[in-house]
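The structure appears below as structure tokens.
The values are calculated or read from the model by the stated rules, or taken from the named source; none is laboratory data. Bear in mind the structure is a predicted one, so any value in this text is a computation, not a measurement. In this analysis, Cβ positions are derived from the backbone assuming ideal geometry, glycine residues included, and neighbour counts consider all displayed protein chains.
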Amino acid sequence: MTQKIKFAVVGCGHIGKRHAEMIARNTECELVGLVDVKDPATLGIEEFKVPFFATIDELLQSDLEIDVINVATPNGFHAEQGMKILESGRHLVIEKPMSLTKTDSEKLIFKGLQKHKQVFCVMQNRYSPPSVWLKELLDTGTLGKVFMVQINCYWNRDDRYYKPESWHGKGDLDGGTLFTQFSHFLDLMYWYFGDIKNIQAKFADFNHKDLTDFEDSGFVSFDFVNGGMGSINYSTSIWDKNLESSITVIGENGSVKVGGQYMNEVEYCHVKDYEMPELAATNPGNDYGAYKGSAANHHYIIENVVDVLKGRNSITTNALEGLKVVDIIERIYELKVQKG
Ligand SMILES: NC(=O)c1ccc[n+]([C@@H]2O[C@H](COP(=O)([O-])OP(=O)(O)OC[C@H]3O[C@@H](n4cnc5c(N)ncnc54)[C@H](O)[C@@H]3O)[C@@H](O)[C@H]2O)c1
């Protein structure tokens, strides 16, 4: 129980560095190695005085003692790298999305079970105070039956983000806007309301034809398996800066709306016999220069890994839930007419 948990991180970009920082700051953890295909001198990782490897294979073949390996590489590498990590007998922390196909996520789950290792998915928006609040409001039945849910995700992603040399926008490495930009919000939707069925969708590519391999916008509607209907309206075509990511819930006993750039502010709450409590402030978004992505809650992920491995808690976002988000996106994208 007193031993530090030894972590390595694969991929030292925006989010991999955040994993490394959060591990280094946690007194129950030790960062023991980093991996990236780029020259380490260009990565801004000097502060972490740990062995560096150019490939995941070199890390796995080294004689370093490692308990957990975090994957923070482009989406298209998650499945292959995750399989290698589990095969090597380490626990796996995998950035969102877990993989780009349901089949690959299933393989990760089976490998984790076979090797008896944990798979942690990163969906840190669940820790934001408005998310915790809304989950409780729904779980306690305070809203009554859920009639309608509307999710709007309107962000700006233009040529400042989709650079030719980046993995962003590439079909095989990025996978699409629902995987890279909006999977957090699909995760929250699944966490709140469960699975969906009877999906209908309409997609468009307004101004990303020269920037990405996929759509930039969509209207998706469906029924919840547990009752009520919902929709996700999303776009990365918003001019200049993010507009919002919001969720509106119309229930039998009242209505709520959580908005802000990344579902981080309660904008409306009018519910029968209910007084809105004061919520703690949400952490600011992960900074991507002009872009804010999702709440900066990665320290909770690392704390959860420690708690689970020390037997103090269960996994916040487990592999089955990671799989379910991939499954939902896959079923939505099945309705897409391929871009010509
Ligand atoms: N949870 C969140 O809020 C959140 C936010 C942003 C990104 N992400 C996810 O994190 C992952 C990384 O995103 P990012 O924004 O940090 O991207 P990034 O481009 O900033 O970093 C990716 C890093 O991986 C390295 N890399 C590429 N191929 C590699 C390989 N085969 N082996 C080792 N390293 C390799 C790159 O050189 C780069 O340094 C993505 O899956 C993304 O979806 C999660």
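Data for the structure
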| quantity | calculated |
| --- | --- |
| Some residue of the range 25-43 being among the small types (Gly, Ala, Ser), in the same structural domain as residue 69 (by TED's automatic domain parsing), surrounded by fewer than 18 Cβ atoms within 10 Å (Cβ to Cβ) and in contact with a Leu (Cβ under 9 Å, 6 or more places away or on another chain) | no |
| Verdict on residue 72 being modelled with pLDDT of 95 or more, surrounded by 16 or more Cβ atoms within 10 Å (Cβ to Cβ) and touching a Cys at 6+ places or on another chain (Cβ under 9 Å) | yes |
| Matching strands (runs of 3 or more DSSP E) fully within the range 180-286 where at least 3 residues are buried (at least 20 other Cβ atoms within 10 Å of the Cβ) | 217-224, 229-235, 244-251 |
| Condition met for residue 87 (over 16 Å from residue 12 (Cβ atoms) and more than 25 Å from the chain's Cα centre (by Cα)) | no |
| Residue match in the range 139-147 (condition: closer than 30 Å to residue 81 by Cβ, assigned by TED's automatic domain parsing to the domain that holds residue 251 and in a strand (DSSP E or B)) | no |
| Test for residue 175: is it within 16 Å of the ligand (Cβ to nearest atom), at pLDDT 95 or above and assigned by TED's automatic domain parsing to the domain that holds residue 237 | yes |
| Residue satisfying all of: in the range 166-179; surrounded by 22 or more Cβ atoms within 10 Å (Cβ to Cβ) and small (Gly, Ala, Ser); nearest to residue 217 (Cα to Cα) among these | 176 |
| Where a residue in the range 40-61 is closer than 16 Å to residue 15 by Cα and its partner, wherever it lies, is among the β-branched types (Val, Ile, Thr) and exposed (fewer than 11 other Cβ atoms within 10 Å of the Cβ), with Cβ under 9 Å and at least six apart | none |
| Condition check for residue 287: modelled with pLDDT under 95 and acidic (Asp, Glu) | yes |
| Which listed residue is within 11 Å of the ligand (Cβ to nearest atom) and in contact with a His (Cβ under 8 Å, 6 or more places away or on another chain), from 117, 96, 38, 17 | 96 |
| Among (1) surrounded by fewer than 17 Cβ atoms within 10 Å (Cβ to Cβ); (2) within 16 Å of the ligand (Cβ to nearest atom); (3) part of a strand (DSSP E or B), the one test that residue 163 misses | (3) |
| Check on residue 176, under 17 Å from the mean Cα position of the chain (by Cα) and at positive phi | yes |
| Residue list for the range 151-160, filter: charged (D, E, K, R) and either within 30 Å of residue 228 (Cα to Cα) or surrounded by fewer than 22 Cβ atoms within 10 Å (Cβ to Cβ) (or both) | 158, 159, 160 |
| Which numbered condition residue 69 fails, given (1) in a helix (DSSP H, G or I); (2) closer than 23 Å to residue 22 by Cα | (1) |
| The range 191-203, residues that are out of contact with any Asp or Glu (no Cβ under 6 Å at 6 or more places or on another chain), away from the ligand (no atom under 16 Å from the Cβ) and touching a residue at least 24 places away in the same chain (Cβ under 8 Å) | 192, 193, 194, 195, 196, 199, 200, 201 |
| Single unsatisfied condition, residue 64 versus (1) outside any loop (DSSP other than H, G, I, E, B); (2) more than 12 Å from the ligand (Cβ to nearest atom) | (1) |
